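As structure tokens, the structure follows; a few thoughts come after it.
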Amino acid sequence: MSKIIVALDGFSSCGKSTTAKRVAAKLHYAFVDTGAMYRAVALYFHRNQVDCNDLNAIEKALEEVHITFEFNPERLASDTYLNGENVENEIRKMYISDIVSQVSAIPTVRHAMVAQQQKMGKKKGVVMDGRDVGTVVFPNAEVKIFMTADPKIRAQRRKLELMQKGEDLPIEQIVENLKIRDEIDSNRSEGPLKRADDAIDLDTSYKSMDEQVAFVLEQVRRVQHAGK
Ligand code: DC
């Protein structure tokens, strides 16, 4: 079976990364969480007080940012590394969620990340989740899924996820963060969150993770059988 690219785009907390991870494991494909890359850049900018309005400072900072993924056998998943440091936990915290959309809206940041993502998928055999994978990173991806979910359900999922990581926040604060991020992610000039014309919709509000994974795998098999 020839290898393909599977692009999973959509809003935050629709289950994109978990679905993508499981689909990749089933297909023995690589999994790339592009949101983690933008989160790592946001962490670097935060720590080094990079001014988001200073293009020189941004370009200089990006030269110092090296993001890698390494498989963690304890989690059975990849951890995100920033310049050799495991930042997987740190980048999921709320203070990063609060700034990441501002950082990821900067065109220079997007160009740098998109170039890296395109390199990672050059040989195909990759499942990539994000906002612009099917529109900008791989507009020719063989399978494109656009994931949505009821905003209340997304907020509840996010709350649970944060609690499992030791952050117990009021649901109102999470709803507000998702709303602001949706707004910034959808309206930025460069690579906005947008459904690709040829994407297949997947509303995960009332779907189990197994159902979501099965849905995506079905699309992959359909394309592979069509001999694409
Ligand atoms: O998937 P996530 O919630 O971890 O992503 C964090 C932020 O990164 C999200 O609010 C928008 C940004 N992002 C992006 O702009 N483009 C992507 N391909 C992935 C994420």
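The values are calculated or read from the model by the stated rules, or taken from the named source; none is laboratory data. This structure is a prediction, so every number in the text was calculated from the model and none was measured. Here Cβ is always computed from backbone atoms with ideal geometry, including for glycine, and neighbour counts include all displayed protein chains. Side chains are part of the model used for accessible areas, which takes the heavy atoms of the whole protein and leaves out ligands, DNA and RNA. Shrake-Rupley method; radii C 1.70, N 1.55, O 1.52, S 1.80 Å.
Results, tabulated for the structure shown:
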| read-out | value |
| --- | --- |
| Protein accessible area in the chain, 1.4 Å probe - carbon and sulfur % | 50 percent |
| Enclosed volume per residue, in Å³, of the convex hull spanned by Cα atoms of the chain | 120 Å³ |
| In Hz, Karplus ³J(HN,Hα) per residue of region 19-35 (6.51, -1.76, 1.60; θ = phi - 60°; x = Gly, Pro) | 4, 4, 4, 6, 5, 4, 4, 4, 8, 6, 9, 7, 10, 10, 9, 5, x |
| Loop-located trypsin sites (Lys or Arg not before Pro) in region 3-103, at most 11 other Cβ atoms within 10 Å (DSSP) | Arg75 |
| Cross-link table Lys93/Lys152; Lys21/Lys124; Lys123/Lys179; Lys16/Lys165; Lys122/Lys159; Lys21/Lys60, entries beyond 25 Å C-alpha to C-alpha | Lys123/Lys179; Lys122/Lys159; Lys21/Lys60 |
| Charge dipole (debye, nearest 20) of the chain; +1 at Cβ of Lys and Arg, -1 at Cβ of Asp and Glu | 820 debye |
| Sequence-distant residues sharing a close amide H with Val32 (under 5 Å, placed H) | Val127, Met128, Asp129 |
| Stretchable slack from Arg47 to Asn89, in nm (0.36 nm times residue separation minus alpha-carbon distance) | 13.6 nm |
| The chain: relative contact order in percent, alpha carbon pairs under 8 Å with at least 6 residues between | 33 percent |
| Centre separation in Å (Cα based) which lies between region 1-72 and region 119-177 | 11 Å |
| Accessible area per residue in Å² at 1.4 Å probe, computed on the chain | 51 Å² |
| Reachable aspartates and glutamates, given that their alpha-carbon falls under 18 Å from the alpha-carbon of Lys194 and they are not under 8 places away in the same chain | Asp9, Asp33, Asp129, Asp132, Glu142, Asp150, Asp182, Glu183, Asp185, Asp203 |
| Projected label distance in nm at His28 and Ile99, using a 7 Å step from Cα toward the beta-carbon | 4.2 nm |
| Region 108-157 - Debye-derived log10 I(q)/I(0), Cα point model, q = 0.16, 0.31 Å⁻¹ | -0.55, -1.23 |
